[in-house]
Amino acid sequence: MAPTPKIGEPSKGDPTRTVAEAIIDAVRAGNTHDCAALWAGIWPDTLSRWLTRGANELARMAADNTETPQDSEKPYVDLTLDLAHAAAAAEARMTAQWQAHFPRDWRAIERFMAKRYRKAWGEAPSRVELSGPSGGPVPVAAAVMSLDEAEAMLAQVEARALEAVEP
């Protein structure tokens, strides 16, 4: 099994780019974090750990009121910030592409409005209610076998198994 590439090493998906650059490019194109990680040649869990390191360092920087990450954590902070920017760029681009369909297809704007302005334009969640006789609760019965009953049933199964095996 090959070792996991480091954040600044060439990626498996595009050897001309580092692992971090390949992940950022893939997310900017609209891919999920998991897909981007696999494309770059790392497991999604590895990317998740890198992003956690970046977020933790950003939290430390905020608590210490500093703008400079520790040298060892800088690649993870950069990845975390660049990945957030790439995801926002992908969403903005795709929203503009969706909106380009508005003049020709009323369903595009209806769908956009329902997604973007869910409270005002989205459909109310469906509700299904079950009721028992006369509108009361649904009766639920559970039968629990006693130990004696279970042993008797097991003895019957064993006897049948022996009958099937014996000529």
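Miscellaneous remarks
- Spherically averaged projected area in nm², based on the convex hull that wraps the Cα atoms of the chain: 25.2 nm²
- When +1 charges are put on Lys and Arg Cβ atoms and -1 charges on Asp and Glu Cβ atoms, the dipole computed for region 105-155 relative to its Cα centre reaches about 860 debye.
- Charge dipole (the chain, unit charges on Cβ, about Cα centre) - positive-most of Gln156, Ala141, Ala40: Ala40
- Most to least packed among 84-96, 43-55 [average Cβ atoms within 10 Å]: 43-55, 84-96
- Positive minus negative residues near Pro10 (Lys, Arg vs Asp, Glu; Cβ under 13 Å): 0
- Note that region 153-165 has calculated 3J(HN,Hα) couplings of 5, 4, 5, 5, 5, 4, 5, 5, 5, 5, 4, 5, 7 Hz, one per residue in order, obtained from phi through the Karplus relation 6.51 cos²θ - 1.76 cosθ + 1.60 (θ = phi - 60°); glycine and proline are x.
- Backbone phi angles across region 12-23, fed through the Karplus curve with coefficients 6.51, -1.76 and 1.60 (θ = phi - 60°), yield HN-Hα couplings of 6, x, 8, x, 7, 10, 6, 4, 4, 5, 5, 5 Hz in residue order; Gly and Pro are listed as x.
Each value in this text was obtained by applying a stated rule to the coordinates, not by laboratory testing. Source: prediction; values computed, not measured. Positions of Cβ are generated from backbone atoms using ideal geometry, with glycine treated the same way; all protein chains shown enter the neighbour counts.
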